[in-house]
Structures are given as C-alpha cells and as structure tokens.
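The values are calculated or read from the model by the stated rules, or taken from the named source; none is laboratory data. All values derive from a computational prediction rather than experimental measurement. Positions of Cβ are backbone-derived with ideal geometry, glycine not excepted, and every protein chain shown enters the neighbour counts.
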DNA sequence: AACCGATGTCCGCGATCGATGACAACACAG
DNA sequence: CTGTGTTGTCATCGATCGCGGACATCGGTT
C-alpha cells in the first residue's frame, strides 16, 4: 500500500502483526522497544523514532520502496498490484527482447 | 529503490534534492525544518522524527510503498530497475496480451 | 462470579531531539 | 585576492521521546 502519513504506517504494522498472530508484547520484544511504543505507532503516533519504525517493519517482513512519483506507474495507471501480479524481471526481459530497448 | 535503513532514505533524499536543483536551505524551508536537520537526514541520522521524514519525502515528490516481502517480485529476482527503466503499465499490458496473463 | 490475556492510559525519569546562531572548509566567479 | 554560495560542525536550550511500572478496560474461559 501507498504510505503517506504515520497513520498509514500504523495501519500497515497493525494489520501485519495480526496476520502473523503476534500480540503487542511479543512484537515489542522482537523489535526491542516497549509495548507502549508499539501502541503509539499503531495509533499513528506522529513523532516517532524513524529507525525504530524501520526495525519494526523489518521484524514484520514489510518491505519499503521509495521512488520518484513521476515514474510511479501504479499512480499514473491506478494499477493496484504494481509488484505482486507478475515477475517483473521476466516481463522486462521479454519486453526488451522484443525491441523496446531499455 | 528498496529502503531498509535511515541511510537508504538519506541517499534517496539527497539524490532527489540535487535532481531538483534545490540546496539544503531551500528544502529545509519547504519542509519546515532547520537546515541542520536536512544535513542530518541526508547523512543517515539514525533517530529522526518519522513525520518529518514523511514530509520531506512528500516535498521532494518521493512516493513510499509498503508491502509484504513475500509478494515482492523485484526482491525475489534482484532486478535493479523495477520502476524507472520503462513504463511498467505498458509492458504489463503487452505481456498479458501475449498470453502470459497473471 | 472469578480469572485471564490483550489492549490502552497515566505518571515520572533520563536521554535525545530539533531549532538557533556562529563559524570553518571548500569551490567558484569576478 | 575578494566576495559569494553551499555544505558541514559545534554549543546551547527548551521540548519531546521512549522506558518502566502501575492501573483500567474489555472479551473470553472456567
């Protein structure tokens, strides 16, 4: 999902935590923060420590991508599955081979 | 690019700032932070305020995506140019039309 | 009812943040 | 060489963070 605000990240974290069937205490232990902090982040705490957020995403297996909005295909097209629908490398190889050059 | 650490974000920010031909002072003004803070972030400052980072990415037109690592096609294949080399939507359309359907 | 796990709130504390201002290092144009 | 713009460092200071601990709430179980 597209991430714009601390609230977006909070939702991603909470959803993923529940999907993994972890409670806040266990996630806190794995990330190395207090349960307090997990509560705050999931609620969209505005001024959170960035490195702790990264560690939390990592602990949950959430991958973060940064890209120029002008080359964000998904935004331009509204495609909801920019990454998972196909194996990008295969598609690119075929496309390039067809003469579309990179 | 894939973002794992504060350093990754710092590099993204610095590259994009230079691409837009902004100096640190101007970026700081637009984001509403001190120039000092921009310097720190670009150097990969570990414990930065998350909401300020988001505002900075926004000011630079950098889009952030979060997804489950198990569906991250680009990571699985190691493709270094998942977004910028071609117009993904066009490639996908052609690929699907060729019978490779998702 | 009593018990339990999970979640969320409140307090106080030490640590760290981000802002400000002054200054150094460096490149470059005049 | 002198001036100018950009980047980076240092010191100070008020504001805020994240932590531990105690406590309240809620739902489910026995």
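Worth pointing out:
- Under the condition of being part of a loop (DSSP other than H, G, I, E, B) and away from DNA strand C (no atom under 11 Å from the Cβ), the residues counted in region B:44-71 number 3.
- Checked against the criteria, residue B:35 counts as surrounded by fewer than 17 Cβ atoms within 10 Å (Cβ to Cβ) and touching a helix residue (DSSP H, G or I) at 6+ places or on another chain (Cβ under 7 Å).
- For residue A:83, the criteria (1) within 18 Å of the chain's Cα centre (by Cα); (2) modelled with pLDDT of 50 or more; (3) under 19 Å from residue A:9 (Cα atoms) hold in every case but one, which is (2).
- Picking from residues in region A:20-39 that are within 10 Å of DNA strand C (Cβ to nearest atom) and within 22 Å of residue B:45 (Cα to Cα), the one that is nearest to the other protein chains (Cβ to nearest Cβ) is A:37.
- Going through (1) out of contact with any helix residue (DSSP H, G or I) (no Cβ under 9 Å at 6 or more places or on another chain); (2) within 11 Å of DNA strand D (Cβ to nearest atom) one by one, residue B:19 falls short only on (2).
- Restricting attention to region A:1-43, the residues that are touching a strand residue (DSSP E or B) at 6+ places or on another chain (Cβ under 9 Å) and part of a helix (DSSP H, G or I) total 7.
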